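Undergrad: Handing you this structure, nothing more for now.
The values are calculated or read from the model by the stated rules, or taken from the named source; none is laboratory data. All values reported here derive from a predicted model rather than from experimental measurement. Positions of Cβ are backbone-derived with ideal geometry, glycine not excepted, and every protein chain shown enters the neighbour counts. Remember, those area values only see protein heavy atoms, side chains included, never the ligands or the DNA or RNA. Shrake-Rupley method; radii C 1.70, N 1.55, O 1.52, S 1.80 Å.
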Amino acid sequence: SLRGQGAIIFLNFSDGTATFQALLKKGEVEKEHFTLFNETIDIGDFIEFKGSLFLTKRKERIINLICQ
């Protein structure tokens, strides 16, 4: 699922073994990359991304996405 909330986009994804959540913040990537991602990525697309994994206070696994 994709959930845009202004300057943040959350997405859930599965790697075949577990479900994770990813986070893309407008201020941490170039504006053009954020806009392109927001306007073109759709549920069911196959994408590859890089980022750092961390746990939330609720013990959810989230990857903070890095656009290059």
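Undergrad: So which of ILE43, ILE9 is of a type in the set (Val, Ile, Thr) and open to solvent by 80 Å² or more (accessible area, probe 1.4 Å)?
TA: Result: ILE43 is the single residue among ILE43, ILE9 that is of a type in the set (Val, Ile, Thr) and open to solvent by 80 Å² or more (accessible area, probe 1.4 Å).
Undergrad: What pairs can you find where one residue is in region 5-24 and hydroxyl-bearing (Ser, Thr, Tyr), the other is open to solvent by less than 50 Å² (accessible area, probe 1.4 Å) and not in a loop (DSSP other than H, G, I, E, B), and their Cβ atoms are less than 9 Å apart, with a gap of 6+ or different chains?
TA: Once the first residue is hydroxyl-bearing (Ser, Thr, Tyr) and sits in region 5-24, its partners that are open to solvent by less than 50 Å² (accessible area, probe 1.4 Å) and not in a loop (DSSP other than H, G, I, E, B) give SER14/PHE20; THR19/PHE13.
Undergrad: So if I check each of LEU36, LEU23, which one is at pLDDT 85 or above and in a strand (DSSP E or B)?
TA: Going through LEU36, LEU23 in turn, the sole match is LEU23.
Undergrad: Starting from residues that are of a type in the set (Gly, Ala, Ser) and within 17 Å of LEU53 (Cα to Cα), keep the ones in region 17-40 and report whichever is most open to solvent (accessible area, probe 1.4 Å). Quick ask: steps written out before the conclusion?
TA: First, the residues of region 17-40 that are of a type in the set (Gly, Ala, Ser): 18, 22, 27.
Next, from what is left, pick out any that are within 17 Å of LEU53 (Cα to Cα): 18, 22.
Numbers: ALA18: 23, ALA22: 0 Å².
Looking at the filtered set, the residue picked out is ALA18.
Undergrad: If LEU65 passes every condition in (1) surrounded by 10 or more Cβ atoms within 10 Å (Cβ to Cβ); (2) out of contact with any Gly (no Cβ under 6 Å at 6 or more places or on another chain) but one, which one does it miss?
TA: (2)
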